[in-house]
Structure formats: C-alpha cells, structure tokens
Amino acid sequence: MSELAATIAGLMGRAKTDLAELVAIPSVADPRQYPPEECRRAAQWVADAFTEAGLHDVHLAETPDGSHAVIGHRPPPPGAPTVLLYCHYDVQPPLDDDAWTTPPFALTERDGRWYGRGTADCKGNIVMHLTALRALGDDIPVGLKFVAEGSEEQGTGGLEGYVAQHPEQFLADALLVCDTGNAEVGTGTATITLRGLVNVVVTVETLAGEIHSGMFGGPAPDALAALIQLLSTLRDPATGATRVEGLDCEGTWEGVGYDEGQFRADAGVLDGVGLTGTGTVADRLWARPAVTVLGVDCPRVVGSAAAVPPTARARVSLRIPPGTDPAAARAALTRHLTGAAPWGVRVSVEDESAGAPFRAATDGPAYAALGRAMDEVYGKPLAFLGQGGSIPLCNVLAETYPRAEIVLMGVEEPKCLIHAPNESVDPSEIEHMAHVEALFLRTYADARERGR
Ligand SMILES: [Zn+2]
C-alpha cells in the first residue's frame with residue numbers, strides 16, 4: 001500500500017464520524033417540508049470542516065433562489081493551475097418514511113454499507129473531498145476553489161444564477177463536479193454525457209362543449225381519443241422505440257454498457273414485461289431521444305359522465321442525447337404533434353422548458369491525470385458512463401468556462417439508490433475515490449505541463 005493510500009485508510013474513521021454528523025442534519029432545501037435553519041446548519045458544518053481542512057475565506061454566499069452556497073479557495077502555487085471542487089449539501093426528502101429500514105437521518109451500518117439520506121448524494125462526496133484534502137495536508141501543487149451548493153435537489157437554479165453573476169469566483173482549469181459515481185463498485189468511472197430535455201404541452205380541441213355520448217357518440221370527434229392516437233405516433237408500435245419525425249432516433253453509445261438484467265432490476269421492471277426500444281440499453285438511455293408522457297388532463301374515472309370529451313391535453317417530455325440541439329428537437333416534436341393530428345382536430349403545442357445536453361471533452365490533461373489515478377487505485381482503465389438526467393449547472397459551467405475541463409465523478413454508484421428510500425454508500429468507494437481525487441490533485445499540474 002502506498003503512503004497516500006495508508007493515510008487515507010487511516011482517515012476513514014473520521015470520515016464516518018463526519019458523514020454521521022452531516023446525515024443527522026435534515027438539509028432538505030424546501031421550507032414547506034423542513035425549516036431553513038437545517039440547511040443553514042449543514043452549510044455552517046461544511047464551512048467549518050473545509051476551513052479546518054485548509055481552505056481560505058470559506059463563507060456562505062446567498063444565491064438568487066435564497067439558498068446559500070458554501071464557497072472557499074486555496075491560492076495556487078506560482079504558475080500552477082486551479083481545480084474547482086463541487087458538491088452539494090442539500091438532500092432529497094426521505095419520501096416514504098415507512099419504506100426506510102432504518103431512520104433516514106441517522107447513519108446506520110448494515111452489511112458493510114452506510115445507510116441514510118444523503119450518505120451518497122451528495123454528502124458522501126463532501127466527505128470524499130474532505131478526506132482527500134486532509135490526506136494531502138499542505139502538499140497541494142494546484143490552486144483550489146470549492147463550492148457546496150445548497151439547493152441542487154430543488155432545481156431552483158440558485159447556484160446557476162450565482163455563477164452567472166460571479167464568474168470569477170469559480171474560474172478554474174479543471175472542474176471536478178462530484179455528484180455522480182462509478183458504473184459499479186470497484187470500476188473507476190467518469191460520467192461524460194448528460195441528456196438534455198424538451199417539455200411541451202399539447203392540447204386537442206374538437207367540440208364547443210361536452211355532449212352526451214349516447215346522443216352524439218359515433219360521429220362526434222372525441223378529443224381524448226384524438227389525443228391518444230396522436231401520442232401513440234411518438235412510438236414504434238412494435239418495439240415501443242421513440243419516433244419523432246425529423247429527429248435521429250438511431251444513435252449508438254460508445255462507453256461502458258448497462259447490463260439488461262441489471263437495468264431491469266434497477267428500474268423495477270415487472271416480470272414478463274419487455275423493455276421498449278431497440279439497440280443496447282445504453283444506446284436507448286444515453287444516445288437516443290426518449291419520449292415520456294408525463295401527465296394527461298382528461299375526465300377522471302371517478303365522477304366521469306356519459307359524455308364525449310371536447311378537449312384533452314398532455315405534457316410530453318423528450319430527453320435528448322448529446323449532439324441534438326434542443327431548439328431543433330422542440331421544433332421537430334411540435335411539427336410531429338401538429339402533423340399527426342387525426343380528423344382535422346385542432347392541436348396546439350405550448351413550449352414549457354428546454355435544456356441542452358452535455359458532453360465532456362475527454363482528450364485534455366485533466367482526463368489524462370484522472371485516467372492514471374483511476375488506474376492506480378482500481379487497477380483498471382477509466383470507464384465512461386452517460387447519465388439519463390440533466391445537471392443544468394454543467395451547461396452553465398461549460399458555457400461560462402469554455403476552456404475548462406469538466407469531470408463528473410463521485411461515490412454514487414448504482415447500489416446507492418440515490419433519491420429513493422434506503423439510500424446508502426459503500427465506504428470503500430469513499431476511500432478509493434478520495435484516493436483518486438488526492439492523486440489527481442497531486443498529478444494534474446504535471447499532466448498539464450506535459451500536455452503543453
Ligand atoms: Zn446530487
């Protein structure tokens with residue numbers, strides 16, 4: 001075992017105590033569910049811990065959504081590059097309390113894993129950063145910038161707004177966005193793509209008002225039937241694959257795959273029910289558009305009458321892979337929905353939200369240093385994953401700092417069940433990823449020198 005590995009192993013007791021303290025603070029950034037003081041306590045805990053770990057001027061900064069980001073830095077040695085360390089201290093609500101085997105806000109060890117809300121997402125990554133910094137002590141050959149976001153799980157965009165207002169505070173050569181994880185325990189992985197998103201609301205109108213289905217049903221155009229028919233054209237009838245006229249729906253994924261059995265288990269697909277689409281699971285998840293009807297407004301079963309519906313609407317979400325422009329995707333989806341309307345019914349499509357997909361450039365010195373660090377710690381080459389969701393902050397960072405390399409990594413492997421009841425973390429991943437991070441911070445400056 002190297003000296004660094006031994007130092008980190010010796011810090012794991014402290015990592016557990018730290019994580020237990022953090023998990024005990026229910027820092028859900030939703031004042032309707034938890035008092036805002038809890039988030040302030042978590043923020044202060046983070047500020048104190050990173051001050052002790054050697055960062056300068058660690059403070060709480062209010063962001064446009066009212067949440068507080070914890071911000072600090074460590075000046076670079078002359079001529080050395082700077083690395084930004086990102087994490088967030090807010091957590092998802094526990095959801096169904098009864099579904100938790102042990103209390104969500106008490107770190108509990110079971111079968112070698114540490115259970116509790118936020119043990120992985122993202123308090124496990126906070127402790128990973130702390131452990132890496134403690135292991136390095138004063139021996140850090142790069143400058144550091146640090147930010148712990150306070151409302152990531154709410155999607156209210158506090159830090160995105162703050163970055164836009166204060167770009168100089170986060171300027172760095174490499175950005176370690178630590179809110180993802182390895183493909184599986186023991187396989188060092190970077191997440192290099194995120195899907196983008198286009199949401200629209202489609203409304204169908206057919207009649208001046210509700211009419212009796214006995215007297216008029218048959219010739220009277222049923223708006224709900226028209227909507228069902230319209231929505232069904234967004235999928236291949238045999239395979240269920242997403243089909244949007246004018247969009248490439250046949251992309252392929254080049255990183256590590258996603259085992260079909262594992263996917264079925266992770267997604268809770270019922271026995272005997274087939275998966276939708278064609279190609280590999282990874283193709284469908286990370287390289288092709290995917291449509292979901294998120295909601296439909298129509299008469300409810302209870303209380304419905306013998307009437308032909310005159311209007312119906314649906315919220316349609318389209319996840320788009322890297323390489324697809326959100327504006328072009330929205331235009332294609334709108335054209336498709338308008339063009340597929342049966343019987344001359346009136347269709348209107350209203351734009352809701354849109355977000356761009358993300359793809360990291362992996363040919364720079366930060367990825368070279370990361371690849372070597374992963375290889376040393378895990379004994380195999382760095383793997384690449386995609387992620388189906390989006391992290392809007394990544395787009396803001398990529399736009400604000402076009403020359404910076406962005407690395408998405410962390411301790412959130414699939415068994416962590418982030419956002420679900422019984423979230424947990426594998427402590428060996430905290431140990432190993434802290435080792436990776438420490439090695440990265442030690443070697444990145446040299447990798448960058450060599451790359452010149
Ligand atoms: Zn997270």
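The values are calculated or read from the model by the stated rules, or taken from the named source; none is laboratory data. The model shown is predicted, which means the values in this text are computed figures rather than measured ones. FYI the Cβ positions are ideal-geometry reconstructions off the backbone, even for glycines, and counts take in every protein chain you see. Only protein heavy atoms, including side chains, enter the accessible area calculation; ligands, DNA and RNA are left aside. Shrake-Rupley method; radii C 1.70, N 1.55, O 1.52, S 1.80 Å.
Report the local net charge at Thr276: Lys and Arg +1, Asp and Glu -1, summed over other residues whose C-beta lies under 14 Å from its C-beta.
For residues surrounding Thr276, the net value is +3.
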Margin query: For the chain, what does the helix formula give at 222 nm: sum of -39500 (n - 2.57) over DSSP H segments with n ≥ 4, over the residue count, nearest 500 deg cm²/dmol?
Written below: -10000 deg cm²/dmol
Item checked: Per-residue HN-Hα couplings for the range 192-204 [Karplus 6.51, -1.76, 1.60; θ = phi - 60°; Hz; x = Gly/Pro] -> 10, 9, 10, 7, x, 8, 10, 10, 9, 10, 10, 10, 10
Checklist line | For the chain, share of DSSP beta bridges that run antiparallel, in % to the nearest 5 | finding: 70
Checklist line | Accessible heavy-atom area order of Leu19, Leu247, highest first, probe of 1.4 Å | finding: Leu247, Leu19
Check: Is the shape of the range 1-63 best called rounded, prolate or oblate, per the rule: a/c under 1.5 gives rounded, else a/b larger than b/c gives prolate, else oblate, with a ≥ b ≥ c the square roots of the Cα gyration tensor eigenvalues?
Finding: oblate
Margin query: How large a share of the accessible area of the chain, in percent, is made up of carbon and sulfur atoms when the probe is 1.4 Å and the other protein chains stay in place?
Written below: 52
Check: Once you list every other residue whose beta carbon is under 13 Å from the beta carbon of Cys394, what net charge do they have if Lys and Arg are +1 and Asp and Glu are -1?
Finding: -4
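Count the net charge of all other residues whose Cβ sits under 12 Å from the Cβ of Arg14, scoring Lys and Arg as +1 and Asp and Glu as -1. It would help to have the intermediate numbers written out before the result.
Working: positive: Lys16, Arg134; negative: Asp18, Glu21, Glu52, Glu431.
In short, -2.
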Checklist line | Shape of the range 188-275, Cα gyration tensor, a/c cut at 1.5 | finding: prolate
Check: So what's the gap between the Cα centers of the range 103-136 and the range 11-63, to the nearest angstrom?
Finding: 12
Item checked: Cross-link partners of Lys16 among lysines (Cα-Cα below 21 Å; sequence separation of 8 or more within a chain) -> Lys123, Lys415
Notebook entry, point to check: Let a ≥ b ≥ c be the square roots of the eigenvalues of the Cα gyration tensor of the chain; is it rounded (a/c under 1.5), or, if not, prolate (a/b larger than b/c) or oblate?
Noted result: prolate
Note to self: Taking a virtual spin label 7 Å from the Cα of Glu250 along the C-beta vector, which residues in the range 319-351 bring their backbone nitrogen under 19 Å of it?
What the structure shows: 321-325
Item checked: Solvent exposure of the chain as accessible area per residue, Å², 1.4 Å probe -> 43
